[in-house]
1. Kindly evaluate residue 48 against the criterion of being more than 18 Å from residue 110 (Cα to Cα), open to solvent by 20 Å² or more (accessible area, probe 1.4 Å) and either at pLDDT below 85 or part of a strand (DSSP E or B) (or both).
2. If residue 39 passes every condition in (1) out of contact with any Pro (no Cβ under 6 Å at 6 or more places or on another chain); (2) in a helix (DSSP H, G or I); (3) under 22 Å from residue 136 (Cα atoms) but one, which one does it miss?
3. For the stretch 116-143, what are the residues that are at pLDDT below 90 and surrounded by 17 or more Cβ atoms within 10 Å (Cβ to Cβ)?
4. I'd like the residue in the stretch 1-31 that is surrounded by fewer than 24 Cβ atoms within 10 Å (Cβ to Cβ) and assigned to a loop (DSSP other than H, G, I, E, B) and, out of all such residues, is modelled with the lowest pLDDT.
5. Which numbered condition in (1) under 24 Å from residue 62 (Cα atoms); (2) open to solvent by less than 10 Å² (accessible area, probe 1.4 Å); (3) without any contact (Cβ under 8 Å) to a residue 60 or more places away in the chain is the only one that residue 34 fails?
Amino acid sequence: MERPVALVTGAGQGLGAAIAHGLARRRFYVVANDINPAAAERPAEALRAAGGAGEPFHADVANRVAVGAMVEEIVARLGRLDLVVHHAEVHPHRSLLESLLEMGEYEWDRTVAVILKGAFHLLQAAAPRMIERGGGGFVFIVPADVWAGVGLTTADIFASQGERDDDAPRNGSTPPTRRPKPASSPWPAPSRGR
């Protein structure tokens, strides 16, 4: 695969789908992940129809084995994984306050498993493969209402990669910006001991 490969979790709707489309416009091959197979297929079909390249992948990011298998299959078939954007969430249609007031303990555990453990599983599965290839990147997105008043847009994500995204969907909180790309690898140097 000549194109860089990006895995976007929670890509079935909203910001996750917008991120998948934005990455496809930047010539990434996008693996659109969602727990719902039909939801994972929608952005993959849409980005292919728009001239991009990608595919769906149904997996539950809260499941360590499923995440490991997903990453291994991506690397085995495509030969690389350059970027992971973790945007999966449990109740994208409810505010945090609504969720906290109405959810039971099972829903709370599920929310923590998807958002936090999902990030942990993705990092542990994908980082070794990226390090083998010389680097890669991670973007972990916490649902915006968790950080009251702080919104994250696709413009922020692409700006962190040193690009502008003037046509990205926005939530009104952050204008497009340009930040320099880091000069060195984001991976720490191996420890040499004391």
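The values are calculated or read from the model by the stated rules, or taken from the named source; none is laboratory data. It should be emphasised that the depicted structure is a prediction, and the values quoted were computed from it without experimental measurement. Neighbour counts are summed over all protein chains in view; Cβ atoms, including those assigned to glycine, are modelled from backbone coordinates with ideal geometry. These area figures cover heavy atoms from the full protein model, side chains too; ligands, DNA and RNA do not enter into them. Shrake-Rupley method; radii C 1.70, N 1.55, O 1.52, S 1.80 Å.
1. Spelling it out, residue 48 is indeed more than 18 Å from residue 110 (Cα to Cα), open to solvent by 20 Å² or more (accessible area, probe 1.4 Å) and either at pLDDT below 85 or part of a strand (DSSP E or B) (or both).
2. (3)
3. Residues satisfying the conditions are 141, 143.
4. 1
5. (2)
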